[in-house]
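The values are calculated or read from the model by the stated rules, or taken from the named source; none is laboratory data. Model, not experiment: these values are computed from the prediction. Because the Cβ atoms are built from the backbone with ideal geometry, glycine has one as well, and the counts that use them run over all protein chains shown.
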Amino acid sequence: MHRKPALMQKMNKEMRAKLSPQSRLILTGRNADDSFGFVNPPIVRGSTVVYPDYDDFMARKARFTYGTMGNPTLEALETAFNDIENGSGVVVVPSGLLACTLPLLACLSAGDHLLVTDSVYRPTREFCQKTLSRYGIEVSYYDPLIGENISTLLRKNTRAIMCEAPGSQTFEMQDIPAIVKAAHAHGAVVLMDNTWATPLYFDAHAHGVDYSIQAGTKYPAGHSDVLIGSVSARTPEQFKLLRETWESLGLIVAPEDAFLTLRGMRTMALRLKHQFAAGLEIAQWLERRPEVSCVLHPALVTNPGYELWKRDFTGASSLFSIVLKPAPQKALAAMLNDMTFFGMGASWGGFESLALPFEAGAYRTATSWKPDGPTIRLHIGLEDVEDLKKDLDKGFERLRKTA
C-alpha cells in the first residue's frame, strides 16, 4: 500500500524553517495514511512484529522490527520533537531524569572526565556521584557563571561538559556559546538540560550544544500526568551513538505516554506564551513586595543574568524562585500550608501553579549558596494572574502574622 507522506514531510527544510513553532507543532508527526484519516496518530501497542516471509525476517526488512525498537506512536512523537529541536535525530525516554543520564552514558567511557555545572538538577548530580563514579568516570563541578574561563578546568581526558541554563532552583544564567567554544576547541561535547526554555525559547543546537535535553514531563506534555523525556543530537554521528545506546538499554516509552505528550505539544506554544507573560508579571509584582529579598528570574532587567538571557533566548518559561527576607520556618510553613492555587509539588510545567520550599546550599560544592532568608521555587500555571496574586498576598499575610 502506498504511504502518503506526513504533512511536514511534504515540505523541504527551508519551507519548514519558515513556519512558526506554533504552526510546526500543529502539523508535525501527523500522517493521514497511518491514522486512517483521523487527525491524531493512533495508540499502537505491541511487542512482536510478524514478517511476511523468511527473506524479510532475515534482512529485518520492516519499518518496525520489535517493540523495543519503536512503534508508529513513538515515531510520531520523535518526529515532533525533532521538528522543534532542529537537530539530527531524537530519542524519547521514560523520564526527564533518564533524558539527562542517557547522553552521559552514550558519550563517556571509563577514564573520562566530566565537568558539571554546580547548579545542575539534583538527581542528575546524584547519578554522576553514585553511578558514573562506579564506572571509572571522574566528575568535577564548576561555577555556573564561569563562562569562557571554563577552559581553565579542561583536562586532557575531559570529554563532556554538562550545562543547565538557567540553573536548577537558583536560576543562574550560563554563557552557553562561550562554554561551547571552549569545549569544541578541546574536542569535548556539550550537553544541556534545556527544559526551562524548551527549544521554542532557546535553540540549543544553533548555539552549538551537542545534546539538547528536555523533561517532556514539563511543558511538552503540559498536564501533569506523564513522565517522559527527550534527547536531541546535533550531528548524525552523535545521533548514531545516542540511538545505539538507547537501543541497547531497551528504553522504550509506553505508547499511551507518547500519545499524551504529542497531544500536549499541539498547545505547547500557546501555553508557553501565556505562562511566560504571567510568570513575568508575577515576578515583577513580587519584586515590590516588602517580604521578598530578591526574585531569581532571568527575564527581569534587575537579574544578573538578564543580558545573557536577552542575547540568547527568545522567551522565558513560568518557573522562577524568590528569596524571602529572614523568617522562621514556622512562618514559611504558615504561608505555604493554606494556599488555594499554589500546591506544594516537585514538578512544574503543567497547568497548575506550584510553590516548593528548597535549600540548595546543602548540595553545592563548587559554589556557596547563602540566601538572606527562606527560598521558594514558584511555577505559574494557567490560572488568572490576579487570583494568583491574591493567593500569594494572603500567604504573605500569614507569614507576617506567624513571624
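Just one of the listed residues (Arg266, Arg288) is touching a residue at least 60 places away in the same chain (Cβ under 8 Å) and surrounded by fewer than 22 Cβ atoms within 10 Å (Cβ to Cβ), namely Arg266. The condition (being outside the structural domain of Leu104 (by TED's automatic domain parsing) and touching a residue at least 24 places away in the same chain (Cβ under 8 Å)) is satisfied by just one residue among His274, His223, His207: His274.
Tell me the strands (runs of 3 or more DSSP E) entirely within segment 85-198 that contain at least 2 residues that are among the hydrophobic types (A, V, I, L, M, F, W, C) and in contact (Cβ under 8 Å) with a residue 40 or more places away in the chain.
Fully inside segment 85-198 and qualifying: 89-93, 113-117, 158-164, 189-193.
To keep it simple, each residue is scored yes or no on (1) under 17 Å from Phe171 (Cβ atoms); (2) without any contact (Cβ under 8 Å) to a residue 60 or more places away in the chain; (3) touching a Phe, Trp or Tyr at 6+ places or on another chain (Cβ under 9 Å).
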residue: Ser293; (1), (2), (3): yes, no, no
residue: Leu296; (1), (2), (3): yes, no, yes
residue: Leu300; (1), (2), (3): yes, yes, yes
residue: Glu307; (1), (2), (3): yes, yes, no
residue: Arg311; (1), (2), (3): yes, yes, no
residue: Gly315; (1), (2), (3): yes, no, yes
residue: Ser321; (1), (2), (3): yes, no, yes
residue: Leu336; (1), (2), (3): no, yes, yes
residue: Ala346; (1), (2), (3): yes, yes, no
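The residue of segment 222-254 that is nearest to Phe171 (Cα to Cα), among those that are touching a Lys or Arg at 6+ places or on another chain (Cβ under 9 Å) and buried (at least 24 other Cβ atoms within 10 Å of the Cβ), is Gly222.
For the residues Ser317, Ser321, the requirement of being under 21 Å from the mean Cα position of the chain (by Cα) and outside any loop (DSSP other than H, G, I, E, B) singles out Ser321.
Filtered by the rule that a residue be part of a helix (DSSP H, G or I) and within 27 Å of Tyr121 (Cα to Cα), segment 377-394 gives Leu388, Leu392.
Just one of the listed residues (Pro357, Pro328) is at pLDDT 95 or above and under 30 Å from Asp225 (Cβ atoms), and it is Pro357. Checked against the criterion of being in contact (Cβ under 8 Å) with a residue 60 or more places away in the chain and assigned by TED's automatic domain parsing to the domain that holds Arg234, segment 49-67 has at least one qualifying residue. Scanning segment 363-370 for any residue that is in a loop (DSSP other than H, G, I, E, B), without any contact (Cβ under 8 Å) to a residue 60 or more places away in the chain, assigned by TED's automatic domain parsing to the domain that holds Ala316 and more than 30 Å from Met268 (Cβ to Cβ) turns up at least one such residue.
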